Each structure stands twice: as structure tokens, then as C-alpha cells.
Amino acid sequence: MTRTDAPAAPVLGSTFDPDHIAAILAAGRARVPFPRAADRAAWAAIAPANSAALSRVGSAVADLSWPVPTYSQRLAFTRSGSRRAFEEPYFDRRRRLIALALALAAEPDRHDFDDLIDGLGFVLEEASWCLPAHDTQPGQQRRDLPDPQDPVLDLFAGETAATLSWVAWLHADRLAAAGGLLERIRAEISRRVLAPFEALGPEYTWYAVGTNWNPWIVANVLTATLLHPPAPERTRAIVASALTSLDGYLAHAPQDGGCTEGIMYWWQSAARLYEAVDVLGWADPAGAARVLAHPLLRSMVRYPLVVHLGGEWSASFGDGVGRVPQPGPGIDKDRHPPALLHRFALAVGDDEVAAMARTLTPDLELPVAMYRSLVTLFDPNWPDGGASGPEQPSPPPGVGSYWLGESEVVSLGSADGRLRLVAKGGHNDEPHNHNDVGSLVLAVDGQPVLIDVGTGQYTATSFSPSRYDTWYLRSEYHSVPQVDGIGQSAGAQFRGEVLARDSSSIRLELAGAYPAQARLTSWQRELRLVDGALRITEEWDLAERGDGADYDAAEDRDVRVHLLLARPPVRAADGSLGLLGPDGDRVLANLYVDAGAFDVSVETIPLDDAILRGVWGPEIARLVLRATDPDLRTGRGQVTISLP
């Protein structure tokens with residue numbers, strides 16, 4: 001991997017003036033680009049499909065009891081490692097608040113405003129807005145139970161503050177008549193989120209780093225600050241610290257615009273950075289425009305295009321999913337609103353990304369965070385946003401090739417656009433890492449056939465020393481080689497090397513991703529799109545025995561390549577395997593293995609995790625290609641995947 005120079009000067013800190021922003025807010029001159037619920041003309045004009053969706057979700061929760069997170073559920077994280085026990089009711093409360101607040105803005109005559117008041121009260125009475133897995137103050141041990149007098153600022157304390165801020169802003173007129181509730185909301189946001197950010201911000205491990213926690217938290221802190229400004233001196237201090245933290249994110253993020261955390265976390269990292277800049281633009285639109293013109297932000301917006309496979313599918317590496325599953329039991333993934341990507345793309349002047357975003361659904365699909373819901377409903381440039389503009393065309397997916405040199409991600413498309421290959425080099429200490437150097441994803445007609453299975457529900461082990469005990473994090477369950485039962489190891493020293501690359505191929509050296517016990521001198525993988533097919537060429541060289549003795553030609557070596565498939569393949573009479581996508585029974589591609597190179601077998605992998613089942617269905621498959629001459633030090637094999 002190559003590292004280009006970080007920005008020479010702070011991008012945000014040299015552009016935005018905290019004193020100016022504090023003065024604008026104090027004078028009440030910030031311009032929030034969305035209408036309050038009291039603006040009946042604006043809310044009455046939203047697209048009919050979105051109005052119907054809001055009515056539907058509002059009615060769905062109208063007669064339900066508010067979920068009650070308990071201390072015993074919080075203790076489940078310590079006792080059994082379960083995060084879901086507490087997080088399910090915790091997140092359900094907040095999603096219901098958003099649904100009710102939006103439904104009541106669209107239909108103010110609904111009879112459930114008191115239900116919204118009750119929900120706000122329940123959240124305000126929670127002992128902590130921080131999740132059990134994150135309840136750690138800087139320099140201290142994690143707490144099993146929270147200290148209500150010592151709030152921790154984690155991702156979801158910040159998210160809660162932003163949600164409450166939006167609800168209070170949307171319905172300020174009605175909440176002002178609710179016996180001091182509006183003042184209580186503002187006071188709790190200040191106590192639980194703004195004050196910890198002021199007092200401890202730089203001491204938190206997420207402050208000024210290049211991963212999603214930084215912009216995710218800071219964007220929410222800024223949202224709460226600009227919607228309900230504290231005293232000017234506090235506003236100035238919060239904004240100044242926020243700018244420092246966000247500049248740290250830009251300095252540490254890949255300068256090619258890539259997201260080493262994968263596409264799911266792009267929506268919580270680069271997209272959150274854009275959110276933060278957009279929010280600051282309410283007070284200083286000229287400053288926001290200057291920041292958004294920076295080359296790094298213009299590169300960041302392209303990552304979803306680079307890994308887009310078609311429709312709702314993306315190539316997802318690390319802790320991500322290929323698509324967000326439909327809401328349901330055990331599913332805690334929010335939808336990714338293409339309206340936000342579209343808004344970001346237009347803000348930085350990237351028409352290609354904006355065009356890709358327009359190929360996706362224009363309608364509001366809850367659950368989505370409040371700001372992102374409002375973008376979908378009211379961005380005037382988004383198809384049906386505010387029902388105020390002509391429908392824009394939806395072009396087919398692009399056929400271009402893309403290369404992120406620092407992140408070592410390549411995306412190659414066939415000339416007709418039917419094949420899309422996305423592969424990665426990199427190393428095995430990336431944020432949200434899986435041991436997956438050299439892994440690849442292949443889609444046909446927008447449907448993935450060679451896959452990265454992604455990540456299921458987080459537990460206490462997900463970010464512990466036992467992280468790689470989980471099967472779908474290990475290299476054995478990614479499309480990479482394995483030698484003598486030894487897969488890749490975790491750590492920054494376990495990395496690949498890009499040997500060659502052009503507009504239709506990439507050649508990687510993978511031996512460096514494996515520990516010494518694998519005795520790999522070299523493993524070169526070439527991926528090439530040619531004549532409407534993907535050709536995967538594997539060449540390897542095994543080292544001498546570790547004890548220094550000469551290589552024993554009689555020693556049996558287990559040399560294999562795994563390829564993860566969306567579904568068990570269909571065997572054909574000619575020996576090929578028909579590859580299926582996750583959403584249909586039609587053979588999308590045929591896989592051929594060079595005669596004599598590998599013995600071929602297929603293993604079915606049942607999926608018990610709710611998230612993985614929601615993405616892929618009940619099972620996926622692992623294709624095992626075992627070298628037929630494992631006693632030789634060198635070998636070569638080839639796999640071809642072509643259209644039917």
C-alpha cells in the first residue's frame with residue numbers, strides 16, 4: 001500500500017470560524033434546509049408514496065407498548081455476551097420516535113401525539129444513552145451498569161441526542177405546551193452529550209481518528225448544537241473541538257477516498273463527515289462550499305460507485321453486508337438512503353455518482369435516521385424530493401474501471417456492463433478487519449455470484465481477543481487460498497502486494513498475508529476480465545520444510561482455494577458449475593476449472609444469524625478447489641467464469 005501525504009493544513013479548521021458560527025446561531029440566523037411540522041404547505045406537498053409510507057409506519061406503531069430496556073438486559077452483555085438483549089428494545093424506542101415524529105409532521109391530526117410525548121419521556125428517563133458494550137470513560141474499565149451522573153459519549157448517545165434534537169425542532173410549537181418537556185430535552189442533551197464532548201472529547205479514543213466513530217459522533221454533536229444552540233461561548237468551544245476532530249479524520253483517512261471499513265461503514269464515516277459539513281453550512285454556507293470543493297471529499301463520494309454491483313447490492317469487505325436486509329426480528333441495520341448519496345454527490349459536483357444514486361429507489365424506506373429521512377423527503381434535487389421537480393432519468397450501471405491505490409481496491413467492469421469484479425489487497429489490520437487479503441466479489445447483471453458473506457450480529461466477542469473465533473471473519477470463509485489448513489493471520493504485517501494492474505486485470509502477491517507456518521514462498525493471484533469472462537489464475541511456490549531439511553517430495557501438502565458462492569451451484573453435464581444469484585433460480589454464469597489442476601467439491605453453509613439470513617437466505621456455499629498435485633513445491637491452476 002502507498003500512502004499519499006495527508007492534507008497540508010486543517011481542511012475544516014482553516015475554513016470555518018467558530019466565533020462566526022456562534023454569532024450566527026446566537027442571532028437566530030442559521031438556515032435549516034428542512035421545514036418544521038408547522039409548515040403545513042411543505043409537508044402537504046411531499047410525494048404521495050412517501051406520505052403513504054409515513055402513514056403506514058405511524059399506524060404500525062400506534063397501538064404498541066413502548067419497549068422497556070432493563071438492567072438485566074444490560075447485564076446480559078456481561079453474563080452471556082449478548083448485545084441484542086439490550087440493544088433491541090433500545091433501538092426500537094428510537095426508531096419508533098422517528099416514525100411517530102415524521103408521521104405526525106405529515107398528518108398533524110393523528111391522535112397519537114401523546115404517544116410521542118410518552119416516548120420522549122421514556123428516553124429522557126433512561127439511566128444512560130450509551131450502549132453496554134461502549135460504557136467506558138477514557139482511561140477506565142467498562143462498567144456493567146451505568147452511572148447516571150457520569151454519562152459516556154458513545155455512538156448512540158450522540159445519535160440519541162440528534163434524534164431528540166430533530167424531534168424537538170420539528171414539533172417545537174406543540175412540545176412547548178407540554179409542561180416544560182422541550183426544556184427538559186435540551187437540558188438532557190446538554191448534560192449527556194454536549195458536556196462530555198466539551199470536557200472529555202480529546203481524551204476519547206475516537207477523537208480525531210480516521211474511523212467511523214469520529215465523524216458519526218461529531219456530526220450528531222454538531223446537529224444538536226446547531227438545532228438548539230447553547231450559550232455562545234459553549235457553542236464556540238464545541239464547534240472548535242468538532243473541527244479539530246473532523247480534520248483528524250481527514251488526515252488519517254485513505255487519501256484516495258476509499259473506506260477500509262467497507263461500504264456499510266462508509267455510510268457512517270464519509271457520509272457522516274458530509275453531514276457534519278452540511279450542518280455547519282446552515283450557519284456558514286460559503287465555508288461548507290469551500291470544504292466540499294476539497295479533492296479528498298470529492299474522492300470520498302466515489303467509493304459507493306467503486307463497489308456498486310447493481311441495484312441494492314455492493315461489494316462489502318470487512319464488517320459489512322452486501323445489502324441491508326429488510327427490517328425484522330434480529331435485524332438492526334438501518335437503510336442506506338440514496339438521497340443522501342445524491343445530495344453529497346451534487347454538493348461536490350460529481351454527476352456520475354449522482355446518476356448512480358438515481359438508479360436506486362427514490363422513496364423513503366424506514367428505518368432511517370431523522371436527518372437522512374428529511375433529505376429523502378425534501379431535497380429539491382432528489383427525484384420526488386418534496387414532489388417538486390421533474391423525474392430524472394435512471395441510467396444503467398456504469399461499465400468503467402476504478403482503482404483506489406492506497407486502499408488497494410480495484411473495480412473492473414466488462415464492456416457490456418454485465419460483469420462487475422471488485423477485489424482487494426491491503427492488510428489484515430484494517431478497521432473492522434476480516435482476514436481477507438486478495439478476496440474478490442463478482443456480480444452478473446447486478447447479482448453477486450462470488451461473494452463476501454459479510455458480518456452477522458455483533459456480540460461481546462466481536463471486538464475482543466476472540467474476534468477471529470467467529471467463522472465468517474476467518475480467511476477460510478473468504479475467497480482466498482489455504483495451505484495445510486493454515487489461513488491468513490490478523491495484523492498489519494500480514495499484507496498483500498500489488499504486482500501489476502491495468503484496466504482489465506490485477507495481479508497480487510498474497511504470501512505475505514500468511515504466517516510462516518504456511519511455508520509459502522509465493523502465491524500470485526491474477527484476476528482478469530477478458531472476452532466477457534473472469535479468469536482467475538493461481539500460481540504458488542511452497543518453501544522448504546521449516547526445520548531446514550530438504551523439501552520432502554513425498555510429503556503430502558493440502559493446497560486449496562476457496563470460493564464463496566451466493567448459493568449452491570448447479571452441476572452441468574460438461575463438468576461446469578452453474579452459478580446462481582441470491583434472488584433467483586436462473587443460472588447467471590458458468591464456472592469452469594482447468595482439467596487436472598484441482599479436485600472440486602462443494603460445501604453448503606447454513607446461515608443461522610438473522611442478519612446473514614436476511615442478506616443471503618438460508619444458506620450459501622463454499623467451493624473447494626484442492627490441488628491435485630499437493631506433493632509438488634510449485635503449482636498453477638485456473639478458473640474461468642463466463643456468461644451462459
Quiz item: From 235, 225, which residue is out of contact with any strand residue (DSSP E or B) (no Cβ under 9 Å at 6 or more places or on another chain), crowded, with 24+ Cβ neighbours inside 10 Å, farther than 20 Å from residue 337 by Cα and not acidic (Asp, Glu)?
Solution: 225
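So which strands (runs of 3 or more DSSP E) are wholly in region 455-550 and hold at least 1 residues that are over 28 Å from residue 412 (Cα atoms) and hydroxyl-bearing (Ser, Thr, Tyr)?
520-530
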Quiz prompt | Those residues of region 415-425 which are of a type outside the set (Lys, Arg) and either in contact with a Cys (Cβ under 8 Å, 6 or more places away or on another chain) or at pLDDT 95 or above (or both), in sequence order | solution = 419, 421, 422, 423, 425
Quiz item: Which residue pairs have Cβ atoms under 7 Å apart, sit 6 or more places apart or on different chains, and have a first residue in region 102-130 that is outside the structural domain of residue 154 (by TED's automatic domain parsing) and a second that is surrounded by 14 or more Cβ atoms within 10 Å (Cβ to Cβ)?
Solution: none
Exercise. For region 193-204, state whether one or more residues are free of Cβ contacts under 8 Å to residues at least 12 places away in the same chain, of a type in the set (Phe, Trp, Tyr) and assigned by TED's automatic domain parsing to the domain that holds residue 126.
Key: no
Quiz item: When you scan region 182-266 for helices (runs of 4 or more DSSP H) that lie fully inside it, which ones turn up with 1 or more residues that are over 30 Å from residue 404 (Cβ atoms)?
Solution: 195-200, 213-227, 232-252
Practice problem: Scan 42, 105, 76, 133 and give me the residue that is in a helix (DSSP H, G or I) and either at pLDDT below 95 or surrounded by fewer than 18 Cβ atoms within 10 Å (Cβ to Cβ) (or both). | Solution: 42
Quiz item: Out of 503, 479, 489, 475, which single residue is within 23 Å of residue 316 (Cα to Cα), modelled with pLDDT under 95 and of a type outside the set (Lys, Arg)?
Solution: 503
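If you scan region 282-313, which residues turn out to be in a loop (DSSP other than H, G, I, E, B), surrounded by fewer than 22 Cβ atoms within 10 Å (Cβ to Cβ) and either acidic (Asp, Glu) or at pLDDT 95 or above (or both)? Spell out how you get there, then give the answer.
First, the residues of region 282-313 that are in a loop (DSSP other than H, G, I, E, B): 282-284, 293-294, 301-302, 311-312.
Checking the rest, the ones that are also surrounded by fewer than 22 Cβ atoms within 10 Å (Cβ to Cβ) come to 282, 284, 293-294, 302, 311-312.
282, 284, 293, 294, 302, 312 - these are the residues of region 282-313 that are in a loop (DSSP other than H, G, I, E, B), surrounded by fewer than 22 Cβ atoms within 10 Å (Cβ to Cβ) and either acidic (Asp, Glu) or at pLDDT 95 or above (or both).
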Exercise. Would you mind stating whether residue 354 is at pLDDT 95 or above and within 16 Å of residue 275 (Cα to Cα)?
Key: no
Exercise. Return the residue satisfying two criteria in turn: it lies in region 584-628 and is part of a loop (DSSP other than H, G, I, E, B) and farther than 23 Å from residue 264 by Cα, and of such residues it is modelled with the lowest pLDDT.
Key: 595
Quiz prompt | Pair list, Cβ < 6 Å and 6+ apart or interchain, from region 449-474 residues that are in the same structural domain as residue 567 (by TED's automatic domain parsing) to residues that are in a helix (DSSP H, G or I) and surrounded by 22 or more Cβ atoms within 10 Å (Cβ to Cβ) | solution = 456/612; 460/77
Quiz item: In region 562-583, which residues are within 17 Å of residue 452 (Cα to Cα) and either modelled with pLDDT under 95 or not in a loop (DSSP other than H, G, I, E, B) (or both)?
Solution: 562, 563, 564, 565, 579, 580, 583
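The values are calculated or read from the model by the stated rules, or taken from the named source; none is laboratory data. Only a predicted model underlies this, so the values are computations on that prediction, with no experimental measurement involved. Counting neighbours? That spans all protein chains shown, and the Cβs are built from the backbone with ideal geometry, glycine included.
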